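Some notes on the structure that comes next.
The values are calculated or read from the model by the stated rules, or taken from the named source; none is laboratory data. Fair warning: this is a prediction, and the values are worked out from it, not measured in the lab. Note that we place each Cβ from the backbone using ideal geometry, even for glycine, and neighbour counts take in every protein chain shown. Only protein heavy atoms, including side chains, enter the accessible area calculation; ligands, DNA and RNA are left aside. Shrake-Rupley method; radii C 1.70, N 1.55, O 1.52, S 1.80 Å.
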Amino acid sequence: MNRHPHQQHLEEELKTATGKRLNLLFMLIFVALAVLVFRLSFLQLSQGDFYLKEAETNRFIQQTVPAPRGLIYDRDRNLLVNNKPSFTITYTILDQEEKQSRQIADRLAPVMKRTPEEVLAAMDLSGQRYMLSMARKLMTGANEEQIAYIREHQEELPGVNVIVEPIRDYLYGPFASHILGYLNNIPQEYWQAHKDEYQQTDRIGMAGVEKSYEAQLRGRPGKVQVEVNIYNQPLQDQRVEDPIKGHDLILTLDRNLQTVTERVLADRVRALSRRVRTVKHAAAVAMNPKTGEIYAMASYPQYDPNLWIRGLSEKEYLEQFQPAEMNRAIQQVYQPGSTIKMATVLAGLKEGTITPHTVMNDPGKVQVGYIVKGVPNYIKSWKPMGNINTYRALAESSNVYMIKTFLKMAGYYEGMSTPQVNHFLADTLPKTMTKILNYHKELGLGEVTTGIDLPYEAEGQVTQEGLVSDLAFAAIGQTEKYTLLQLAQYVSTIANDGKRIQPHVVKALIDPITKAEQPIEPVTQGQVSFPMEHLRAVQQGMYDVTNKPYGTFYSVFGGYPVKVAGKTGTAETGRGTENSVFVGYAPYNDPEIAIAVIVPDNEKQSHSNEALGPIAKAMIDAYFAHRITP
């Protein structure tokens with residue numbers, strides 16, 4: 001059928017237009033594809049590394065590799081604290097549904113020998129302690145049976161892993177626990193302030209040198225890329241950065257002396273407590289008076305730092321750790337009693353109130369003001385001593401001699417008029433007390449610390465009531481409260497001819513890379529203002545305490561092969577008990593060791609030679625054992 005020419009023309013125009021549109025469409029598609037290919041090529045060539053890393057992140061997770069903590073040795077390089085490998089069970093929250101975590105806790109509880117609630121608490125599902133994406137440590141020190149169960153049931157325990165990490169091993173349990181300290185989980189507030197240095201699951205030093213030398217001991221952690229499966233369980237890993245071990249510490253401790261001191265403290269407390277129910281604690285310190293090195297520092301009772309590594313129950317915390325936590329050598333302050341009398345004599349000599357040969361009468365008591373109007377206030381010596389000089393006053397421990405010295409120094413006497421007494425209390429008394437306490441500070445006493453390289457050291461305390469009795473009590477060690485370490489530094493300063501050295505428990509650090517030793521040098525904190533002849537007089541009085549038949553510690557060290565100087569003390573606590581105290585040093589003519597010992601809350605009217613004699617003698621025996629022939 002022939003078409004009309006006009007119709008044929010229209011059809012040809014339509015085909016031409018359609019062809020042009022298709023060509024345009026094809027052109028647009030081609031351009032789009034070209035742009036896409038170009039973009040892909042650009043990404044492949046110029047940003048391929050970036051997207052490759054992104055893809056690897058999907059298959060790998062980066063984990064921190066803990067650095068082994070530095071080891072700890074005694075002064076003779078005997079190892080005290082080591083690291084050992086431990087299997088730790090961890091849990092990472094993969095499913096935000098609490099139901100899955102509860103199911104896992106129910107499965108793990110009997111395996112870990114815990115309740116489901118205890119496992120859930122360790123999981124920290126609410127993120128109170130850890131970020132939700134962080135692996136939580138459920139158990140440290142997992143055994144073979146526990147490890148095998150987890151590996152056999154991986155698909156049923158998504159997010160549960162077993163990792164190997166170094167943990168602390170305190171080789172001798174409670175030995176030197178108050179010096180060594182312990183590790184525990186990092187406190188949240190501490191982590192917030194040190195996010196760049198620590199993981200939320202890290203353990204840090206909480207006491208002892210573990211705390212005070214945390215920065216040196218902890219080392220630098222490494223990094224590892226770990227390939228994980230859909231259950232967040234590791235398939236293989238690749239080390240990215242090796243960890244660097246922390247510095248080793250060499251302590252000043254003499255292991256034998258420390259062992260003997262701990263044992264004799266425990267034995268003495270147990271023996272005394274059978275008849276004196278208030279006796280529950282004791283402490284002792286031994287140090288080198290010339291270098292400040294602590295040879296022994298014991299506080300009874302002790303705790304085992306390993307408890308914190310394996311995890312302790314509430315019962316263990318209350319029964320084994322809490323009663324023993326305090327280091328009573330540096331954290332508790334005590335009335336020093338008559339051990340303060342060397343300071344009293346030095347102050348009296350310096351002020352010209354007495355000379356070493358000044359004789360005073362001790363009839364057994366001395367009046368110090370009045371209790372109430374018209375009723376005299378008497379303070380007693382432990383016995384009447386008659387006419388005595390400074391040396392004998394120290395040897396026999398005369399309260400009357402010491403109190404008279406301070407009353408005379410202040411210009412106080414009975415029978416002063418009321419205006420005179422008022423002026424004395426308002427002006428002379430505070431000035432005299434300030435002078436006395438300044439002398440105490442020269443000797444390492446007062447409201448100060450020794451600066452030892454251990455945490456939580458308490459400051460000394462001084463109580464003043466603005467009464468004449470302040471002078472009397474300051475003279476015999478009832479106004480002040482000092483730590484046992486302050487008393488050890490005080491007697492060391494006297495032994496060292498007035499040079500006060502800072503105590504320390506770390507002898508050297510060992511660099512983890514070069515293995516070079518970095519010694520801790522002695523630090524001189526001051527030289528007393530007392531002339532040498534005054535120090536010699538006090539030293540002689542201390543010699544008489546232990547070497548003259550009338551000395552209060554003659555029964556312990558009289559005739560001893562090494563000449564010991566010392567001073568005993570008893571101090572009323574206000575609780576119906578007395579602190580028994582002893583300080584001393586040896587040898588007398590060239591001191592190598594100074595000691596301070598205390599048994600708090602002993603019975604009233606007790607004698608320090610009976611309570612402390614076995615402790616002091618055992619310590620001196622242990623130190624000089626190689627020089628004493630049986």
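Listing for the model above:
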{"quantity": "Among the residues listed as Met123, Met131, the single one being under 37 Å from the mean Cα position of the chain (by Cα), surrounded by 17 or more Cβ atoms within 10 Å (Cβ to Cβ) and over 30 Å from Ile250 (Cα atoms)", "calculated": "Met123"}
{"quantity": "Condition broken by Phe530, with the remaining ones in (1) over 19 Å from Gln489 (Cβ atoms); (2) out of contact with any strand residue (DSSP E or B) (no Cβ under 9 Å at 6 or more places or on another chain); (3) not small (Gly, Ala, Ser) satisfied", "calculated": "(1)"}
{"quantity": "Some residue of region 95-112 being more than 29 Å from Asp169 (Cα to Cα), of a type outside the set (D, E, K, R), modelled with pLDDT of 90 or more and open to solvent by 40 Å² or more (accessible area, probe 1.4 Å)", "calculated": "yes"}
{"quantity": "Test: residue in region 175-190 that is within 18 Å of Thr90 (Cα to Cα) and aliphatic (A, V, I, L, M)", "calculated": "yes"}
{"quantity": "Residue within region 153-168 that is under 30 Å from Val264 (Cα atoms) and either open to solvent by 10 Å² or more (accessible area, probe 1.4 Å) or out of contact with any Phe, Trp or Tyr (no Cβ under 6 Å at 6 or more places or on another chain) (or both) present", "calculated": "yes"}
{"quantity": "Selection within region 333-361 - crowded, with 22+ Cβ neighbours inside 10 Å and of a type in the set (D, E, K, R)", "calculated": "Lys341"}
{"quantity": "Matching strands (runs of 3 or more DSSP E) fully within region 477-542 where at least 3 residues are in contact with a Gly (Cβ under 7 Å, 6 or more places away or on another chain)", "calculated": "480-483"}
{"quantity": "Residue, modelled with the lowest pLDDT, within region 121-140, restricted to residues that are part of a strand (DSSP E or B) and not basic (Lys, Arg)", "calculated": "Thr140"}
{"quantity": "Residues being open to solvent by 10 Å² or more (accessible area, probe 1.4 Å) and assigned to a loop (DSSP other than H, G, I, E, B) - total across region 552-563", "calculated": "7"}
{"quantity": "Residues that are open to solvent by 30 Å² or more (accessible area, probe 1.4 Å) and in a helix (DSSP H, G or I), drawn from region 303-327", "calculated": "Trp308, Arg310, Glu314, Lys315, Glu316, Tyr317, Leu318, Glu319, Gln320, Gln322, Pro323"}
{"quantity": "Counted residues, region 600-617 - those being open to solvent by 20 Å² or more (accessible area, probe 1.4 Å), touching a residue at least 60 places away in the same chain (Cβ under 8 Å) and touching a helix residue (DSSP H, G or I) at 6+ places or on another chain (Cβ under 8 Å)", "calculated": "2"}
{"quantity": "Considering residues of region 328-354 that are assigned to a helix (DSSP H, G or I) and over 35 Å from the mean Cα position of the chain (by Cα) only, the residue nearest to Ala282 (Cα to Cα)", "calculated": "Gly348"}
{"quantity": "Hits in region 589-599 - residues which are out of contact with any Pro (no Cβ under 9 Å at 6 or more places or on another chain) and open to solvent by 10 Å² or more (accessible area, probe 1.4 Å)", "calculated": "Asn589, Asp590"}
{"quantity": "Residue in region 394-406 that is surrounded by fewer than 20 Cβ atoms within 10 Å (Cβ to Cβ) and either touching a Ser or Thr at 6+ places or on another chain (Cβ under 7 Å) or not in a strand (DSSP E or B) (or both) present", "calculated": "no"}
{"quantity": "Subset of region 407-441 (residues that are part of a loop (DSSP other than H, G, I, E, B) and touching a helix residue (DSSP H, G or I) at 6+ places or on another chain (Cβ under 8 Å))", "calculated": "Gly411, Tyr412, Tyr413, Met416"}
{"quantity": "Positions within region 61-114 being in contact (Cβ under 8 Å) with a residue 60 or more places away in the chain, among the hydrophobic types (A, V, I, L, M, F, W, C) and either within 30 Å of Glu156 (Cβ to Cβ) or not in a loop (DSSP other than H, G, I, E, B) (or both), in sequence order", "calculated": "Ile61, Val65, Ile72, Leu79, Leu80, Val81, Phe87, Ile89, Ile93, Leu94"}
{"quantity": "Members of region 564-580 found to be among the small types (Gly, Ala, Ser), open to solvent by less than 10 Å² (accessible area, probe 1.4 Å) and either within 29 Å of the chain's Cα centre (by Cα) or at pLDDT below 95 (or both), listed by number", "calculated": "Gly566, Gly569, Ala571, Ser580"}
{"quantity": "Single residue of Glu144, Glu152, Glu156, Glu118 found to be in contact with a helix residue (DSSP H, G or I) (Cβ under 9 Å, 6 or more places away or on another chain), farther than 21 Å from Ile186 by Cβ and modelled with pLDDT of 85 or more", "calculated": "Glu156"}
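Residue by residue, here is whether (1) in a strand (DSSP E or B); (2) open to solvent by less than 40 Å² (accessible area, probe 1.4 Å); (3) modelled with pLDDT of 95 or more; (4) touching a Ser or Thr at 6+ places or on another chain (Cβ under 8 Å) holds:
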{"position": "Lys211", "(1), (2), (3), (4)": "no, no, yes, no"}
{"position": "Gln216", "(1), (2), (3), (4)": "no, no, yes, no"}
{"position": "Glu227", "(1), (2), (3), (4)": "yes, yes, no, no"}
{"position": "Tyr231", "(1), (2), (3), (4)": "no, no, no, no"}
{"position": "Leu249", "(1), (2), (3), (4)": "yes, yes, yes, no"}
{"position": "Gln258", "(1), (2), (3), (4)": "no, yes, yes, no"}
{"position": "Thr261", "(1), (2), (3), (4)": "no, yes, yes, no"}
